[in-house]
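Worksheet: the structure to be examined is printed underneath.
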Amino acid sequence: MCFYDHYSPRFRLKLLSPPANSKKLRVGDLYPCGAPTLQLLKTLTTTPHLLQSTVARCTDILRLATDKLHAFPYREVPLCWLRLYTDVSILKGVYLVQKLFSVRDADGVRRADEEIVRTLDMALIMAGAPGNGRREVIEKILAELEGYVEAFLAVHGGEVMEGVEMNGVGGKGKGKGKGKVEKTRANGDREGEAGGEDGEASRRKRRRLTTPPPSLLPQGFRASSTPSPKITHQIPIRPTPPSLGFFQHHLNTANTPLQIQNLLTAWPAATTNPWSSPSYLLSKTHFGTRLVPIELGKSYTVENWSQKIMPFRDFLRTYILSPGADGSSYPGYLAQHSLFSQIPSLREDILTPDYCYTTPPPGPPSVRTHPLEGPIVNAWFGPAGTVSPLHTDPYANVLCQVLGRKYVRLYPPSESEKLFPRGVEGGGVDMSNTSRVDMDAEGGGVEVEEWERFQGARYLEGVLRTGEGLFIPAGWWHYVRSLDTSFSVSFWWN
């Protein structure tokens, strides 16, 4: 296990080396962060007996960078602060790795592993890990860390996927107690933990009481009893995937939605590497410790909507395997997240549809886009009842259904006036791609006259099932509701 020695000096050198021409700063250098920040960086050391204070100093710098990230709209954050957050996260991660090697008990190794994963994942999620080779370094550290932890626990005992409480799933009687909820700050600190020996004993006891071994994980996700709605305006269905020539001709002539059956037959996610298996998903997410951003609330259009970053295993336990166990009224949704960029091993389980290499016509004039170098790929994972409100996207989309069912309703751009788009709302956020009509509210949550006009709009609808894909042209309005535990992958292209 030598990745600490390999990466730490290399990145300290990169961080602290001045530009070739200090009078002409290059985009991405850390020097625009200011002299005091750079001076803090220079105090970091690899001296073993000072590691604890060095890790604390990294945490201080990450707090500063976090404040800067929150001081700007995300797309306007100066690159130097994104780079600072990323590089200091990597430095903190490798310092924590060196500390890990002195830990000799299974619980201690697990806790150290979780802290390293949390530190590095926050760089990916919060900052996007800009900079040459940064993302690759994070991936390599995490991969080697996973191998080390797994080997250590195999020798010293302990379950590698400890912490997945089923709240009774598995039928062993354990796992029904409610442990204390941990809150994770953006800078990587934990809140809500008792300190001292009593707190440590409490944590160990709680783990023993609430954590079944992986053998107690269900083999699959429970099917929902939600019936499929009656379909009156069915999206055209192709029972087999059409040829590229047929699809391009369809784009050039009709450019309307198509529901394509049997599209995912060659995907490992649907066959050899089943995403229908909770234990498989945990194994691909560093024993479930990888962080994911979760949407909480009915949809992003309601006031109580929020987001939370949490370990994948906690999301799985709380919102998928035992939905409603936390007492919340609405489900948690891993929505529109670049999961496959964050966790590349999951990217190997999916295949980009060939249709993403065709040429769709431009979207409506109101839709502003820029050319894409390749498809934008996002994950959508949640329990039954998750909703994407009626909205439009600027790119052509193939929505691939890996698990479960989704009800989808689509309206052509020509019906936009009857859908009552929102405008610029609080904070200057442009919501014009989202309808004011709430498809799940009585009367749509709009005025009676508006509801009557909305009901006169032409639409298509259908139920997207496991193994199917849905082509959604750019600019078409669509509303999506999960009928089961659902895992989808969207591919935007132009």
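The values are calculated or read from the model by the stated rules, or taken from the named source; none is laboratory data. Computed from a predicted model, the values in this text were never measured in an experiment. FYI the Cβ positions are ideal-geometry reconstructions off the backbone, even for glycines, and counts take in every protein chain you see. Please note that ligands, DNA and RNA were not included when accessible areas were found on the heavy atoms of the full protein model with its side chains. Shrake-Rupley method; radii C 1.70, N 1.55, O 1.52, S 1.80 Å.
Filter segment 407-455 down to the residues that are within 30 Å of R465 (Cβ to Cβ), open to solvent by 40 Å² or more (accessible area, probe 1.4 Å) and of a type in the set (A, V, I, L, M, F, W, C) and list them by number.
Scanning segment 407-455 gives a single hit, M439.
Among all residue pairs at least 6 apart or on different chains, which show Cβ distances below 7 Å where the first residue, located in segment 59-77, is of a type in the set (A, V, I, L, M) and the second is open to solvent by less than 90 Å² (accessible area, probe 1.4 Å) and outside any helix (DSSP H, G or I)?
L62/N187; L62/G188; L69/V77
What number of residues in segment 392-409 are charged (D, E, K, R) and over 17 Å from T434 (Cα atoms)? If you could, list the steps in order and put the result at the bottom.
Just the residues of segment 392-409 that are charged (D, E, K, R), to begin with: 393, 405-406, 409.
If we keep only those that are over 17 Å from T434 (Cα atoms) too, we end up with 405-406.
Of the residues in that region, 2 qualify.
Find the residue count for segment 24-49, including only residues that are at pLDDT 80 or above and either outside any helix (DSSP H, G or I) or exposed (fewer than 14 other Cβ atoms within 10 Å of the Cβ) (or both).
Qualifying residue count for the region: 8.
For S414, state whether it is more than 25 Å from I350 (Cα to Cα) and out of contact with any helix residue (DSSP H, G or I) (no Cβ under 8 Å at 6 or more places or on another chain).
Details: more than 25 Å from I350 (Cα to Cα): yes; out of contact with any helix residue (DSSP H, G or I) (no Cβ under 8 Å at 6 or more places or on another chain): yes.
Criteria met by S414.
Output the qualifying pairs, or none if there are none: Cβ atoms under 8 angstrom, residues six or more apart or on different chains, first residue in segment 431-443 and free of Cβ contacts under 8 Å to residues at least 24 places away in the same chain, second residue of a type in the set (F, W, Y).
From segment 431-443, the pairs are R436/F420; G443/W451.
Could you identify the single residue in H286, H249 that is at pLDDT 95 or above and either among the aromatic types (F, W, Y) or surrounded by fewer than 18 Cβ atoms within 10 Å (Cβ to Cβ) (or both)?
Numbers: H286 fails: either among the aromatic types (F, W, Y) or surrounded by fewer than 18 Cβ atoms within 10 Å (Cβ to Cβ) (or both).
Just one listed residue meets the conditions, H249.
Kindly indicate whether A384 is modelled with pLDDT of 95 or more and not charged (D, E, K, R).
For A384, the condition - modelled with pLDDT of 95 or more and not charged (D, E, K, R) - is not met.
Quick check on my filter: what residues within segment 386-403 are surrounded by 20 or more Cβ atoms within 10 Å (Cβ to Cβ), outside any strand (DSSP E or B) and either touching a Cys at 6+ places or on another chain (Cβ under 6 Å) or not charged (D, E, K, R) (or both)?
T386, T392, Y395
Sort out which residues of segment 350-383 are open to solvent by less than 40 Å² (accessible area, probe 1.4 Å), of a type in the set (A, V, I, L, M) and within 24 Å of the chain's Cα centre (by Cα), and write them in order of number.
Once the filter is applied, which keeps residues that are open to solvent by less than 40 Å² (accessible area, probe 1.4 Å), of a type in the set (A, V, I, L, M) and within 24 Å of the chain's Cα centre (by Cα), segment 350-383 yields I350, L372, V377, A379.
Can you find a residue that is in a helix (DSSP H, G or I), touching an Asp or Glu at 6+ places or on another chain (Cβ under 9 Å) and either assigned by the TED database to the domain that holds E150 or open to solvent by 50 Å² or more (accessible area, probe 1.4 Å) (or both) anywhere in segment 228-241? Talk me through it step by step, then tell me what you get.
So the first thing to find is which residues in segment 228-241 are in a helix (DSSP H, G or I), and the list is none.
Within segment 228-241, none of the residues are in a helix (DSSP H, G or I), touching an Asp or Glu at 6+ places or on another chain (Cβ under 9 Å) and either assigned by the TED database to the domain that holds E150 or open to solvent by 50 Å² or more (accessible area, probe 1.4 Å) (or both).
Of the conditions (1) of a type in the set (A, V, I, L, M); (2) outside any loop (DSSP other than H, G, I, E, B); (3) open to solvent by 70 Å² or more (accessible area, probe 1.4 Å), A223 fails just one. Which one is it?
A223 satisfies all of (1) of a type in the set (A, V, I, L, M); (2) outside any loop (DSSP other than H, G, I, E, B); (3) open to solvent by 70 Å² or more (accessible area, probe 1.4 Å) except (2).
For segment 96-150, enumerate the residues that are out of contact with any Leu (no Cβ under 8 Å at 6 or more places or on another chain), closer than 19 Å to W81 by Cα and among the polar types (S, T, N, Q).
Matches in segment 96-150: N132 only.
List the pairs whose first member sits in segment 270-290 and is farther than 27 Å from I116 by Cα, whose second member is assigned to a loop (DSSP other than H, G, I, E, B) and of a type in the set (F, W, Y), and whose Cβ atoms are under 9 Å apart, counting only residues at least 6 apart or on separate chains?
What qualifies is S276/F221.
Among the residues of segment 291-306, which ones are under 30 Å from E144 (Cα atoms) and open to solvent by 20 Å² or more (accessible area, probe 1.4 Å)?
P293
I'd like the full set of residues that are among the β-branched types (V, I, T) and within 21 Å of G385 (Cβ to Cβ), limited to segment 450-483.
Answer for segment 450-483, where residues must be among the β-branched types (V, I, T) and within 21 Å of G385 (Cβ to Cβ): V463, T466, V480.
Out of all the residues in segment 323-345, is one or more buried (at least 17 other Cβ atoms within 10 Å of the Cβ) and acidic (D, E)?
The answer is no; no qualifying residue exists.
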